[in-house]
Every structure is written in C-alpha cells, then in structure tokens.
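K.L.:
Okay, here's the structure, questions in a sec.
The values are calculated or read from the model by the stated rules, or taken from the named source; none is laboratory data. Note that the coordinates shown come from a computational prediction; the quantities given were computed from them, not determined experimentally. Note that we place each Cβ from the backbone using ideal geometry, even for glycine, and neighbour counts take in every protein chain shown. Side chains are part of the model used for accessible areas, which takes the heavy atoms of the whole protein and leaves out ligands, DNA and RNA. Shrake-Rupley method; radii C 1.70, N 1.55, O 1.52, S 1.80 Å.
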Amino acid sequence: MLVDQGGVCALCRTAPAAHVDHDHATGGVRELLCFNCNGGLGQFKDDPALLRAAARYVEAHRAGQLAGPFPGQQRWPTG
Ligand SMILES: [Zn+2]
C-alpha cells in the first residue's frame, strides 16, 4: 500500500504516509494518511456531511465575500 501511494498521504499527497486509516464503523483498512490528515478526519468524526460543510465554509470565506453564514447555511441562532 505504501509503495502504491508513492510513500505519501492519500489525502494531501505531500506529507509522508504515517498512519493506517481505518473505517471506524467497519474496522476495514482504507489507505495510508499523514498525521494531520488522519487527525483531521477524526476531528470531523469521519462524517462526510460535516467534512463537506467544512470545505464549503473555508471556500466561502476564502472568497472574501462573506462575514457570516455562507450560502445554504441557516443564519446563526439569535437566542
Ligand atoms: Zn495528509
């Protein structure tokens, strides 16, 4: 697997592959990840919806057009 990935993380494809990533629901091995990418998935609870929301959030704010909720997101609760 390490050779197949060229020795680098399956996500960022730059940092050394250092962790065997598992699907925590099934226990199955996915691919090799670096320390940061492996930790990032864990921080987002391996939740694809939450990971997509995080990507949209970063992209929306990176565009410099938003100071609050991004398109498709509800306004923040007011009370
Ligand atoms: Zn990585």
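K.L.:
Compute the accessible area per residue over the range 1-68, keeping the other protein chains in place, probe 1.4 Å, unit Å².
P.N.:
72
K.L.:
Next question, about the same structure. Just the number, please: carbon plus sulfur as a percent of the accessible area of the range 1-60, 1.4 Å probe, no ligands or DNA/RNA counted.
P.N.:
The value for the range 1-60 is 60 percent carbon and sulfur by accessible area.
K.L.:
At 1.4 Å probe size, put Leu33, Leu50 in order of accessible surface, largest to smallest.
P.N.:
Ranked from most to least accessible, the order is Leu50, Leu33.
K.L.:
With the Cα gyration tensor of the range 1-68 giving a ≥ b ≥ c as the square roots of its eigenvalues, does the rule (a/c under 1.5 for rounded; else a/b larger than b/c for prolate; else oblate) give rounded, prolate or oblate?
P.N.:
oblate
K.L.:
How far apart, in nanometres, would the label points at Leu2 and His19 be if each is projected 7 angstrom from Cα along the Cα-to-Cβ direction?
P.N.:
Using points 7 Å along Cα→Cβ, the separation is 1.7 nm.
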